[in-house]
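Colleague: Below you will find the structure I want to go over with you.
A short reminder: the numbers here are calculations on the coordinates, not readings from a lab. The model shown is predicted, which means the values in this text are computed figures rather than measured ones. Neighbour counts are summed over all protein chains in view; Cβ atoms, including those assigned to glycine, are modelled from backbone coordinates with ideal geometry.
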Amino acid sequence: MTSVSTPPSTINRRRPALIVLCFVQFMLVLDDNVVSVALPSIRDDLGFSTAGLAWVVNAYFLAFGGLLLLSGRAADLLGRRRVFLSGVALFGTASLACGLAQQPWQLVTGRFVQGAGAAMAGPASLSLITLLFPGTEERAKAFSVWGGIAGLGGTMGLVISGALTGLNSWRWIFLINLPVVVVALALLPRLVAESRATDQARLDVPGAVVGTGAVSSLVYGLLRAGESGWGDVSCVGPLFLAVVLAVSFVAIESRTAEPLVPPTFLAFRTRAVANGTTLLFSAAFYAMAFLLMIHVQTVLGYGPLKAGVAYLPYCAGMLAGMWLSSRAVTRLGLRRALVMSFLISSGGLLLLSGVEPSDGYASGVLPGMLITSLGCGLSLPALTVAALTGTTEANAGLGSAVLSSVQQVGGAVGVAVLVTLAARRSDALAGSTGQLHAATEGFSLALTVAAALIAVGAVLIATLLGRVGRRLV
């Protein structure tokens, strides 16, 4: 495994640096879904139209997904700490603007800028951790902590949003970011030294522009597919443009001396398998989270706050899985640990797919939720270790950005495809079986497909990671 040595002066500051980086990641992930429960209050307060309200969510994902590759490579070349701090400052400024917004366009613009700040801070944060913890075992433990806090942010977003919106105002879901921003900007420069690529490479501007355009068009087209259907021109047009730009990106990268994403980087076997299976993993789990939240509210009759609280055991299962993940990688090896975690995840999703309208929470939802969350927690740190294997001082930011981009694109694909699949199944049965049974059948079909995707990922890891995976530990 290629790694860099950690200067002695940095050793004693690694733990506080990891804590700061983890809480920033908590904040960034929190804002992925913190607006979900608050959307009705935001609509009533600012006068959003139904179509416009969707962009309170979509603007963040579009900027975040579209700018990840550019930001990750910029971090390698311009300095990871500098790009991280710039992204955190931008995110904090946008959070303040969102909290003070008086018009719909102000909030949507603020959310877009938030996404841009997150795209700068996220890959830079992960690459800083990669360099702070160069050894396989210590890196796995650091990623377990980092992933656990990130998973906590994803789960707690729904709970925090419901609590703040219900008890005070939706504006506080943005304003609570400010203390974390201030602490990160004050402490991190004292804890982490600047790092950048040692060569004098330049930023591949044509590749950056075309690559950013390709990812942005893909994410936008997938978001539109989830809203308007796959046959709508607002979906087909951006997806076609994404394909054209992707082909152009490959052509540009093959001819430039200093490409944004060198072909040799993607050809590294362990990283390629890890990113490919992360695509499947993200598609399944983003869709599961969306569908389960809808299911417990529309079929089981939970209110928004109760639905958010019902997710807390999922958080506990993820934290337990992440605590076990580094130990599993150390004792079993990366390949076996990933296969085991994927199979646990697949089994949990199948168990969740069998939840019926008459089932109670403890007997119906909770068992599948706990098994699924345990598998998810076991998988995330191990996937991160695999996806960043072999990264060095020169390309840690790029590796982090590629992984984050794959996660975002996979999530968008999963939501667009599996939610549409569930909706069509429900619509086909609604007239003959009743709304609740039809919704349950759609939910069950989508989660069964999600379980199959995770099982395919396990097969790919078992057959393709092979000896490379065993040499990592």
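Colleague: Any chance you could check the Cα centroid distance between segment 374-395 and segment 69-89 for me, in angstrom?
Modeller: Taking the Cα centre of each part, segment 374-395 and segment 69-89 sit 20 Å apart.
Colleague: Here are several values of log10 I(q)/I(0) by the Debye sum over Cα atoms at q = 0.07, 0.09, 0.13 Å⁻¹: [x] -0.52, -0.79, -1.27; [y] -0.33, -0.56, -1.27; [z] -0.65, -0.84, -1.15. Which one was derived from the coordinates shown?
Modeller: For log10 I(q)/I(0) by the Debye sum over Cα atoms at q = 0.07, 0.09, 0.13 Å⁻¹, the calculated option is [y].
Colleague: If you don't mind, another one. Using only alpha carbon positions, build the gyration tensor of segment 10-192, then give the equivalent ellipsoid semi-axes as the square roots of 5 times its eigenvalues, largest first, whole angstrom.
Modeller: Semi-axes, largest first: 30, 17, 14 Å.
Colleague: In addition: Quick one: helix 435-460 against the long Cα principal axis of the chain, what's the angle to the nearest 10°, folded into 0 to 90?
Modeller: 20
Colleague: Tilt of helix 80-99 relative to the longest C-alpha principal axis of the chain, in degrees (0 to 90, nearest 10)?
Modeller: Helix 80-99 and the main axis of the chain meet at about 30 degrees.
Colleague: I've got another one for you. Please work out the C-alpha center-to-center distance from segment 105-141 to segment 242-298 and express it in whole Å.
Modeller: Their Cα centres are 17 Å away from one another.
Colleague: Further question on the same structure: From Cα pairs below 8 angstrom and at least 6 apart in sequence, can you work out the relative contact order of segment 205-251, rounded to a whole percent?
Modeller: 46
Colleague: Between Leu96 and Ser432, take the C-beta separation as r, use R0 = 51 Å, and let me know the FRET efficiency to the nearest 0.05.
Modeller: Once rounded, the FRET efficiency stands at 0.45.
Colleague: Label Arg331 and Val182 with points 7 Å out from Cα along Cα→Cβ: what is the distance between them in nm?
Modeller: Modelled inter-label distance: 4.5 nm.
Colleague: Further question on the same structure: Label points 7 Å out from Cα along the Cβ direction at Ser358 and Asn168: separation in nm?
Modeller: The answer from the label model is 4.5 nm.
Colleague: Order of Val113, Val205 from fewest to most other C-beta atoms within 10 Å?
Modeller: Ordered by Cβ neighbours within 10 Å, fewest first: Val205, Val113.
Colleague: Full extension from Thr264 to Ile19: what is 0.36 nm times the residue separation minus their Cα-Cα distance, to one decimal in nm?
Modeller: 84.9 nm
Colleague: Next up: Using Cα atoms only, what is the angle between the long axis of helix 366-387 and the major principal axis of the chain, expressed in degrees (0 to 90) to the nearest 10?
Modeller: 20
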